[in-house]
Structures are given as structure tokens and as C-alpha cells.
């Protein structure tokens, strides 16, 4: 397994669940094609952990890296799609003002103005850090969370992302297989895992059964064909894909 050639950038992403007619629906954004990382791909809301997230994490105690990542996932979700997670009920005007301030670069701690964050509702699901060398390498923690009661309709930021929508995990996999959507390797593996669950509770229970060990894919020759592989003991139903088919960020 090859070690990363650059220092990974800590990041976090939020997999938002809402009840659907059959399988639960998840919230996706479509990245702008102009973005250097995963341009044009369907991903979950999220982004890098910034210094303001780390500063805000201190009073919460616990694992500072995990707490900082939870805060970053909440901040990025509010900034990118306007959905408040872990926040007390807010008036629409207050929520819009908070989102605008975040988009202007104001630290989340300042934007909150003393409002507490409820971080326990975020369920650690997985952690991925690649070993290939794109422009940037992200060490990303994935968290599951239920859509808060009374949450507003998501609205895309229209800067880093060009579309926001709800869909089942299987629907997005089917769209990717039909050539109608771009899904990068980590997202595909996580969607295959998430497609197994009939509810948020089932997904959260499954997540609790596996350690939060970092997934670093590697290339392996199988019967003369190069495959991109991941460990087979972390709950993923598919653990290898031919390199010719794998989409990397």
C-alpha cells in the first residue's frame, strides 16, 4: 500500500436522511464542473475542517479531531444547502443571515453568537483518505444524521455546487450506471453500503458495529486486471472495482 504523497487535509461530510416512500432518501449536491476536486460529481454536503471549527470544538471536550469534524460538517451543510443541523429552532430570517455570514467567511463561532451545537445526533459512519496524488488529498469523516423536524427546503449555494436534491442511495447508483451521473469511488462504495438499509436507525446500528478505521484504497492485480480495493471487514458489500471503471476525485 502506497503512503500518501501529500499531507491530507482534514474534512467532514454529512449524510442527511429523510424518510421516503420505500427506502430513505439522502441529500446530495452536484459539484460545479469548475471545481478542482470531484468537479461535476454527486457528493454529500461537506468540506474541509477550518481553524474556526477547531477553536469552537475546545469547550465540547472529547476527541478534538472528531468534534472539529462534526462542527465542520454542520457548518458546511448550513453554508452549502441552508439546512441547520444540531441547532435550536431558528426563524427563517435568522437562518438566512447566518448562512450569508458563513458564505462571507465569518467563523461559525462568531455566527452562532453563543448558541450551542448539539453534536450527539451525528453518527460516525466511515473515514476515507486516499493514497493517490491528485491536487489535494482529503482525510474525510462521514457522519449520518436525520433531517431535523421543521427543516427548510434545501437551497444550493450555487458556487461550489450547482444542484441539490433528495434521492435514494440506489437511485443515484442506478443513475451513475446509466451514465447519467458521476460518482467518485468513495461515494460509490458508501452508497452501496447505505443502499442496504431501510431506515436511518438501521444504518446507524450498522455503523456502530464497525470500527472507525481509515479506509485507504490500494491497487491490486486480480487475474491480470488492476483493481482498486478496500478492506473487506468494514461493512462494505463491494470491496473492489476494476481500475478502468473507478472514478477518482
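Roughly what % antiparallel, to the nearest 5, for the DSSP beta bridges in the range 100-240? The partial results should precede the final answer.
Values: 11 of 12 bridges.
Within the range 100-240, antiparallel bridges account for around 90 percent of the total.
Taking 0.36 nm per residue of separation and subtracting the Cα-Cα distance, what length does fully extending residue 244 through residue 153 add? Present the calculation step by step, with values, prior to reporting the outcome.
Numbers: separation 91, 0.36 × 91 = 32.76 nm, distance 3.80 nm.
Fully extending the segment from residue 244 to residue 153 adds 29.0 nm.
Mind giving me the FRET efficiency for residue 55 and residue 19? R0 is 35 Å, r the Cβ-Cβ distance, nearest 0.05 is fine. Write down the numbers at each step before the final one.
Values: r = 36 Å, r/R0 = 1.02.
About 0.45, to the nearest 0.05.
Taking a spot 7 Å from the Cα of residue 101 along the direction of its beta carbon, which residues of the range 53-84 have an amide N less than 17 Å from it?
53-57, 72, 74-80, 82-84
Using only Cα atoms, tell me the angle between helix 185-194 and the longest principal axis of the chain; keep it within 0 to 90° and round to the nearest 10.
Compared with the principal axis, the helix lies near 80 degrees.
Can you sort 233, 174, 53, 149 so the residue with the fewest Cβ neighbours within 10 Å comes first? Let's see the in-between values first.
Values: 233 10, 174 14, 53 24, 149 6.
Ranking 233, 174, 53, 149 by Cβ neighbours within 10 Å, fewest first, gives 149, 233, 174, 53.
Taking the number of other C-beta atoms within 10 Å as the exposure measure, put 123, 145 in order starting with the fewest.
Working: 123 20, 145 23.
Going from sparsest to densest Cβ surroundings: 123, 145.
With runs of 4+ DSSP H residues as the only contributors, calculate the mean residue ellipticity of the chain at 222 nm using -39,500 (n - 2.57) per run, divided by the residue total and rounded to the nearest 500.
Working: 7 runs with 70 residues, N = 249.
So the calculated ellipticity at 222 nm is -8500 deg cm²/dmol.
Please determine, in degrees from 0 to 90 and to the nearest 10, the orientation of helix 64-81 with respect to the longest principal axis defined by the Cα atoms of the chain, where the helix direction is its Cα long axis.
For 64-81 against the chain, the angle is about 80 degrees.
What do you get for the angle between helix 92-103 and the principal long axis of the chain? Use alpha-carbon atoms, 0 to 90 degrees, nearest ten.
Tilt of helix 92-103: around 60 degrees.
Going by a ≥ b ≥ c, the root eigenvalues of the Cα gyration tensor, does the range 45-144 fall in the rounded group (a/c under 1.5), the prolate group (a/b larger than b/c) or the oblate group? Could you put the intermediate results ahead of the total?
Working: a/c = 1.82, a/b = 1.49, b/c = 1.22.
Because a/c hits 1.5 or more and a/b exceeds b/c, the range 45-144 counts as prolate.
For the range 9-210, build the convex hull from the C-alpha positions and give me its volume per residue in Å³. Before the final figure, lay out each step's value.
Values: hull volume 24.7 nm³, N = 202.
Spread over its residues, the Cα hull of the range 9-210 gives 122 Å³ apiece.
If the viscosity is 1.306 mPa s and the temperature 10 °C, what translational diffusion coefficient in µm²/s does Stokes-Einstein give for the range 57-114 when Rh comes from Kirkwood over Cα pairs?
Working: Rh = 11.8 Å.
For the chosen part, D equals 134 µm²/s.
Please figure out what share of the DSSP beta bridges in the chain is antiparallel and state it in percent, rounded to the nearest 5. Provide the component values of the computation, followed by the final result.
Values: 27 of 38 bridges.
Roughly 70 percent of the beta bridges in the chain run antiparallel, per DSSP.
How big is the convex hull of the Cα atoms of the range 113-249, per residue, in Å³? Walk me through the intermediate numbers first.
Details: hull volume 22.6 nm³, N = 137.
Roughly 165 Å³ of hull volume per residue.
No value in this document is a laboratory result; all are computed from the given coordinates. Computed from a prediction, not measured in an experiment: that's the story for all the values here. Quick reminder, even Gly has a Cβ in these numbers, built from the backbone with ideal geometry, and neighbours come from all protein chains shown.
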